Amino acid sequence: MVLIYAESPNGQLKKAALEAVTYGKHVADMLGVECAAITLGNNVTDAGSLGKYGAARVFNVNSSNLNDLDSQVTAAVLANAAKNLNASVIVLSHTSTGKSIAGRLAVRLDAGLVSGVNALPESNGDTLLVKKSVFSGKAIATYAINSPVKVLSLMGNALRPEATGAPVSVETLDIAIPAGKVRVKETKTIDGRVPLPEAEVVVSAGRGMKDPSNWGIVEELAEALDATTACSRPVADSNWRPHHEHVGQTGIAIRPNLYIAIGISGAIQHLAGVNNSKVIVVINKDTEAPFFKAADYGVVGDLFDVVPRLTEAVRKFKAST
Amino acid sequence: MKFLVCISQTPDTTAKISFNADGTAFNPAGVQFIMNPYDEWYALVRACELKEALGGTVVAINVGPATNETTIRKALAIGADEAVRIDAEPHSSAYVASQIGAYAKAENFDLIFLGKETIDYNGSEVGSMLAEHLDLPFISYASKLELNGNMATVEREIEGGVQVLEVELPAVVSAAKGMAEQRIPNMRGIMMARSKPLKVVQPVESTDHAGVTRFELPPAKAGVKLVDPEQMDELVRLLHEEAKVI
Ligand SMILES: Cc1cc2nc3c(=O)[nH]c(=O)nc-3n(C[C@H](O)[C@H](O)[C@H](O)COP(=O)(O)OP(=O)(O)OC[C@H]3O[C@@H](n4cnc5c(N)ncnc54)[C@H](O)[C@@H]3O)c2cc1C
């Protein structure tokens, strides 16, 4: 069996969970085994809908003690579930939660782990071969996993969720839940747009903006594209924008389908966080800006003219479709 | 308080990455190696700050060959009191975690720090594995950590927000931006580092279940397609029809 842990913080299935189930279904089909998903907590809404993404069975461990996602507790429960269900491959999402659990689960199950995979594996006898991006996006490595039980964590946006099946009914799994040592005191969420690591379209701006009061044109473009905003490090360091927007080596790494870089030079430390984006558009007045070398589309021009014009064009396009 | 900081040695961020002819191994020729930035700036510096405020010792640990000792001495120059090198090639995260786990088991550290990930294999795996080997709580991507007796209050980055957590020590914490500010070692630190203890420990037996069989460079970009700044309708058309991203 391929068992996918479908994350549901606050009871809501994450987009990453739908991606993981879609991925797990492909792996299960390749191996000719059953695809099942598992959710944790007493507040999960609509877990059965994971059937649409390919899970033939959906399990839930129903306890409020799992809502806080203490990795020590979660990993113990998932490891027991994997053992009880005889799972040979466990798929997690490469998220803040998944990253905390993946290593623990691998140790508990004596399993080989490859985290942050971004392509479907190939199987070669009992070995799985799977690729991931390494050296901060500068290379790709193929890993071989040889253990009978294997753990994979899937990079966000690595594939699109495919809802081709039908919902299934949820089975409750009875698993003892050990006491946790971590207590969540508070969760502060940022309102508004899709969280940056999950965003498919990102509009990002740098020091070329000159002043924080100029960000209106970036916000408008993001609004028109239904995109999430990001920024370069000096912009966050000068508090022109909130720190959670900072992408790059020191900030967060993202891989949206579309990354639009406005007035960002494209330093290697910036690229380290965005070079896995599927399509990169660079708007910069300097033809020599290094970012153009990493871009798919480039516009050489003054951002203060180009960005409002692009927003206009996007609005026109959206209105016509 | 006894702090352990796991440090890894990685190629410098700006290094050109290449591999041997058949793509089976990383080519270190001409590459400058550094302490993994997150280990250095965030994990090590925060451990040193806490020790300076509360007393105790900071031990830096690295799994690697003798050539890593320059990096280890840097950790001592920044403020670690002692260092341990486990004398083995760090060929996988599982291997590194089991080596550090075996060492730490007997030492009763109160708080174990690592960086959020390494900039070479980008796995974010060692902390979680190590915590499991030691059966300790683990908090990843911590951006703030304060100690109050035996309790740590930790802020951590999650998708689209921040969580505030409380954990009883001992615990394992991986550190991200916000945890501390980079420290440049001063002359005195560098001098003192020379005489601080650096213990070499032999590795324990451990089996690997996963490893890299092949490296390749990402497919080269086709080259940038320039669009006239007056023609933003054309850019939108390309993004829709050609790139299919909007
Ligand atoms: C260890 C280390 C880690 C780092 N980590 C990160 C990181 O995580 N993320 C990150 O972003 N950086 C990081 N940096 C910094 C990085 O090296 C660059 O300094 C930074 O990315 C530059 O930001 P920028 O592109 O916004 O600004 P600049 O380099 O100043 O570029 C501004 C760009 O705007 C263009 N411009 C100006 N005016 C206009 C206009 N009117 N119209 C159009 N274009 C215009 C300019 O031509 C220029 O290319 C790191 C650096 C170090 C040393």
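The values are calculated or read from the model by the stated rules, or taken from the named source; none is laboratory data. Keep in mind that what you see is a predicted model, and the values were worked out from it rather than measured. Positions of Cβ are backbone-derived with ideal geometry, glycine not excepted, and every protein chain shown enters the neighbour counts.
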Notebook entry, point to check: Within segment A:139-150, can one find any residue that is in a loop (DSSP other than H, G, I, E, B) and free of Cβ contacts under 8 Å to residues at least 60 places away in the same chain?
Noted result: yes
Note: among A:Ser100, A:Ser136, just one is among the hydroxyl-bearing types (Ser, Thr, Tyr), facing another protein chain (nearest Cβ under 7 Å), in a loop (DSSP other than H, G, I, E, B) and surrounded by 24 or more Cβ atoms within 10 Å (Cβ to Cβ), namely A:Ser136
Among strands (runs of 3 or more DSSP E) entirely inside segment B:51-118, those with 2 or more residues being within 22 Å of B:Gln202 (Cβ to Cβ) and among the charged types (D, E, K, R) are B:82-86
Within segment A:173-230, residues within 26 Å of the chain's Cα centre (by Cα), of a type in the set (S, T, N, Q) and over 26 Å from A:Leu13 (Cα atoms) come out as A:Ser204
Exactly one of A:Gly263, A:Gly273, A:Gly248 is of a type in the set (Gly, Ala, Ser) and either more than 22 Å from the chain's Cα centre (by Cα) or farther than 27 Å from A:Val117 by Cβ (or both), and that residue is A:Gly263
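Can you tell me which residue among B:Thr14, B:Thr10 is hydroxyl-bearing (Ser, Thr, Tyr), on the phi < 0 side of the Ramachandran plot, crowded, with 16+ Cβ neighbours inside 10 Å and within 15 Å of the ligand (Cβ to nearest atom)? I'd like the intermediate steps shown before the answer.
Working: B:Thr14 fails: crowded, with 16+ Cβ neighbours inside 10 Å.
One residue alone meets the criteria, B:Thr10.
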Being polar (S, T, N, Q) and over 30 Å from A:Ala179 (Cβ atoms) narrows A:Ser71, A:Ser153, A:Ser93, A:Ser136 down to just A:Ser136
For segment A:196-215, pairs from a residue that is closer than 14 Å to A:Asn276 by Cα to a residue that is in a helix (DSSP H, G or I) and more than 9 Å from the ligand (Cβ to nearest atom), with Cβ under 6 Å and 6 or more apart or across chains, are A:Glu198/A:Lys15; A:Val201/A:Leu225
_Please verify whether A:Lys185 is closer than 24 Å to B:Asp120 by Cα, of a type in the set (D, E, K, R), at pLDDT 95 or above and part of a strand (DSSP E or B), treating the condition exactly as stated._
no
Pairs returned, first residue in segment A:263-277 that is facing chain B (nearest Cβ under 9 Å) and near the ligand (Cβ under 7 Å from one of its atoms), second residue that is charged (D, E, K, R) and part of a helix (DSSP H, G or I), beta-carbon separation under 8 angstrom, 6 or more apart or interchain, are A:Gln269/A:Arg233
Residue within segment A:248-263 that is outside any loop (DSSP other than H, G, I, E, B), among the β-branched types (Val, Ile, Thr) and modelled with pLDDT under 95 present: yes
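For every residue, the table says whether it meets (1) facing chain A (nearest Cβ under 7 Å); (2) within 23 Å of A:Leu92 (Cβ to Cβ); (3) buried (at least 24 other Cβ atoms within 10 Å of the Cβ); (4) among the small types (Gly, Ala, Ser).
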| residue | (1), (2), (3), (4) |
| --- | --- |
| B:Ile112 | no, yes, yes, no |
| B:Thr118 | no, yes, yes, no |
| B:Asn122 | yes, yes, no, no |
| B:Glu125 | yes, yes, yes, no |
| B:Met129 | yes, yes, yes, no |
| B:Leu136 | no, yes, no, no |
| B:Ile139 | yes, yes, yes, no |
Item to check | Yes/no for A:Ile90 being touching a strand residue (DSSP E or B) at 6+ places or on another chain (Cβ under 7 Å) and part of a loop (DSSP other than H, G, I, E, B) | outcome: no
Hey, does segment B:192-211 have a residue that's without any contact (Cβ under 8 Å) to a residue 40 or more places away in the chain, in a strand (DSSP E or B) and within 14 Å of chain A (Cβ to nearest Cβ)? no
Check: Do the conditions hold for B:Glu205, that is, is it of a type in the set (D, E, K, R), at pLDDT below 95 and under 24 Å from A:Leu113 (Cβ atoms)?
Finding: no
Residues in segment A:278-295 that are surrounded by fewer than 19 Cβ atoms within 10 Å (Cβ to Cβ) and away from the ligand (no atom under 12 Å from the Cβ) total 2
Note on segment A:103-121: residues at the interface with chain B (Cβ under 7 Å from one of its Cβ atoms) and within 13 Å of A:Leu154 (Cα to Cα) are A:Leu113, A:Val114, A:Ser115, A:Gly116
- Query: Does B:Asp233 fit the bill of being over 30 Å from B:Pro28 (Cβ atoms) and either loosely packed, with under 12 Cβ neighbours inside 10 Å or more than 9 Å from every other protein chain (Cβ to nearest Cβ) (or both)?
  - Reply: no
